[in-house]
Amino acid sequence: MVKQAVSQTFEAVLVRQCAPTLAGIKPGSIFCFRHSSLEIADRKVRQWDEQLAPFGLSVQILLERPDSSSLIVYVFRRSHLERTLADNACQRFLAKIGYKSADLDGLLQQLTDRLQTQAEFPHEIGVFLGYPLRDVIGFIENRGRNFTCCGFWKSYSDPAEMQVCFACYRKCIHTYISLYEQGVPIEKLAVLA
């Protein structure tokens with residue numbers, strides 16, 4: 001992964017963890033944010049959801065973890081995610097594992113419910129993050145073992161192809177962190193896609 005020298009403010013974590021989504025090359029990203037006040041963290045999520053909406057981005061809380069004073073925050077591009085989830089193979093996969101809705105808001109609500117109620121992390125979240133479906137299914141079927149390469153996720157695909165993808169993400173993250181540290185505001189980093 002990429003080493004960073006940025007602080008742990010909400011904004012710094014948003015840039016570091018979501019750069020490929022801000023750049024329009026990935027439909028969604030998640031990050032865990034530790035907070036000192038749920039009220040303040042919730043306000044930050046609502047603020048950035050509003051500020052990034054003109055760029056086609058949404059920011060929402062998927063899970064609150066009161067025991068660790070942390071949140072799982074999801075940043076996504078609605079139009080990109082709708083295209084990803086509308087794929088017939090993706091729809092069949094989600095239906096097979098119990099998702100009932102086909103519309104984006106319904107699917108996101110079901111994902112949120114699973115995060116809140118299931119003891120095991122719902123690994124199908126990978127499709128909401130733009131991971132190739134074959135990698136999501138490969139991870140679930142192999143229980144995280146027997147992967148062909150590992151980068152931003154464990155891949156069960158062509159390792160050379162995935163290393164190119166991972167290198168693109170690393171370059172994007174490095175560039176965005178550098179720009180952010182130079183004072184470029186997040187709104188200027190968000191690409192209209």
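The values are calculated or read from the model by the stated rules, or taken from the named source; none is laboratory data. Because the structure is predicted, anything quoted here is derived from the model rather than measured. We place every Cβ from the backbone using ideal geometry, glycine too, and count neighbours over all the protein chains shown. SASA here: full protein model, heavy atoms, side chains in, ligands and nucleic acids out. Shrake-Rupley method; radii C 1.70, N 1.55, O 1.52, S 1.80 Å.
With at pLDDT 95 or above and either more than 15 Å from the chain's Cα centre (by Cα) or of a type outside the set (Val, Ile, Thr) (or both) as the only criterion, which of Asp103, Asp135 stands out?
On the way: Asp103 fails: at pLDDT 95 or above.
Exactly one residue qualifies, and that residue is Asp135.
Restricting to the stretch 164-182, name every residue that is closer than 17 Å to Gly130 by Cβ and open to solvent by 40 Å² or more (accessible area, probe 1.4 Å).
Filtering the stretch 164-182 for residues closer than 17 Å to Gly130 by Cβ gives 164-173, 176.
Scanning the stretch 164-182 gives Val164, Ala167, Cys168, Arg170, Lys171.
If you take just the helices (runs of 4 or more DSSP H) that sit entirely in the stretch 112-186, which of them hold at least 3 residues that are of a type in the set (A, V, I, L, M, F, W, C) and touching a His at 6+ places or on another chain (Cβ under 9 Å)? I'd like the intermediate steps shown before the answer.
Numbers: elements: 125-128, 133-142, 159-181.
Output list reads 133-142.
I'd like to verify a number: residues in the stretch 163-192 that are farther than 18 Å from Gln17 by Cβ and either in contact (Cβ under 8 Å) with a residue 40 or more places away in the chain or touching an Asp or Glu at 6+ places or on another chain (Cβ under 8 Å) (or both), how many?
Adding up the residues that qualify gives 1.
When residues of the stretch 84-106 are filtered for being open to solvent by 30 Å² or more (accessible area, probe 1.4 Å), of a type outside the set (Gly, Ala, Ser) and in contact (Cβ under 8 Å) with a residue 24 or more places away in the chain, how many remain?
Here the count works out to 3.
Give the residues of the stretch 46-77 that are surrounded by 15 or more Cβ atoms within 10 Å (Cβ to Cβ), in contact with a helix residue (DSSP H, G or I) (Cβ under 8 Å, 6 or more places away or on another chain) and part of a helix (DSSP H, G or I), sorted by residue number.
Of everything in the stretch 46-77, those that are surrounded by 15 or more Cβ atoms within 10 Å (Cβ to Cβ), in contact with a helix residue (DSSP H, G or I) (Cβ under 8 Å, 6 or more places away or on another chain) and part of a helix (DSSP H, G or I) turn out to be Trp48, Gln51, Leu52, Phe55.
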